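Taking it in order: structure first as structure tokens, then the write-up.
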Amino acid sequence: MKKIVSIFFSLLLIGPFVSYSNTSVGGSKRDSILLTGLIFNDQDRVQNVEVNIYFNNELWKVEKLSRNNRLSTYLPKNAMLTIEITAPLFHSKRFMFNSNVPASVKVLPKYQFDIDLFKEEELAGVEDNSILDFPVGLVEFDEKKQVFIRNKKYTKRMKKAYLELWQEAQMVNRSGIETHEEEE
């Protein structure tokens, strides 16, 4: 867990000092990265999703997905971005997207993701859910494969932490039901 916190804070501290002179914030689709995603809750659609995109730790773009749970948007290249997925009655999730690509890359690859949101009621009763404040994933360009990939080691640790949080919530909810039944 200490390594996760260390990586996250390193990104936050270093990110603002990186040079963004090659960043194309409002450029054409040809010099932007297509981000597509599917947002769900245990295989069910999530309604009224908002995707907030932060650039230099400031809100840059908001995508509202009121009728479906599919995202399709363009991101600037050569930037450190935070992608935050929110919906009413759900806990937000976010991931860091480093869109830096070498100048030699002529065709920018797209990146596709799937993300499973927790309903607030699913985590009811858990006292410490601060892990939800950390990004669930880190994405960056892989020069060998010429694609954007997620950091599998970091994502695996975060998924494990999220699963442990969910399991704790299930235990809390079960013990609350058993305690209530015993009182009657």
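Every test in (1) assigned to a strand (DSSP E or B); (2) charged (D, E, K, R); (3) at pLDDT below 95 is passed by residue 121 save one, and that test is (1).
Yes or no: segment 113-124 includes at least one residue that is surrounded by fewer than 15 Cβ atoms within 10 Å (Cβ to Cβ) and more than 25 Å from residue 49 (Cα to Cα). So far as segment 113-124 goes, no, none of its residues is surrounded by fewer than 15 Cβ atoms within 10 Å (Cβ to Cβ) and more than 25 Å from residue 49 (Cα to Cα).
Is it fair to say residue 59 is modelled with pLDDT of 95 or more and crowded, with 19+ Cβ neighbours inside 10 Å? No.
Considering only segment 141-155, state which residues are under 16 Å from the mean Cα position of the chain (by Cα) and surrounded by fewer than 16 Cβ atoms within 10 Å (Cβ to Cβ). Don't jump to the end; show me each part of the working.
Residues of segment 141-155 under 16 Å from the mean Cα position of the chain (by Cα): 148-155.
The answer is 149, 152, 153.
Residues in segment 39-54 that are under 14 Å from the mean Cα position of the chain (by Cα) and either among the hydrophobic types (A, V, I, L, M, F, W, C) or in a loop (DSSP other than H, G, I, E, B) (or both) were compared, and the one that is nearest to residue 99 (Cα to Cα) is 53.
To keep it simple, each residue is scored yes or no on (1) closer than 21 Å to residue 37 by Cβ; (2) part of a loop (DSSP other than H, G, I, E, B); (3) without any contact (Cβ under 8 Å) to a residue 24 or more places away in the chain.
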{"position": "84", "(1), (2), (3)": "yes, no, no"}
{"position": "88", "(1), (2), (3)": "yes, yes, no"}
{"position": "105", "(1), (2), (3)": "no, yes, no"}
{"position": "148", "(1), (2), (3)": "yes, no, no"}
{"position": "159", "(1), (2), (3)": "yes, no, yes"}
{"position": "169", "(1), (2), (3)": "no, no, no"}
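In the set (1) closer than 21 Å to residue 138 by Cα; (2) out of contact with any Ser or Thr (no Cβ under 9 Å at 6 or more places or on another chain); (3) part of a loop (DSSP other than H, G, I, E, B); (4) not β-branched (Val, Ile, Thr), the condition left unmet by residue 67 is number (1).
The values are calculated or read from the model by the stated rules, or taken from the named source; none is laboratory data. Model, not experiment: these values are computed from the prediction. All Cβ positions, even for glycine, are placed from backbone atoms using ideal geometry, and neighbour counts span all protein chains on display.
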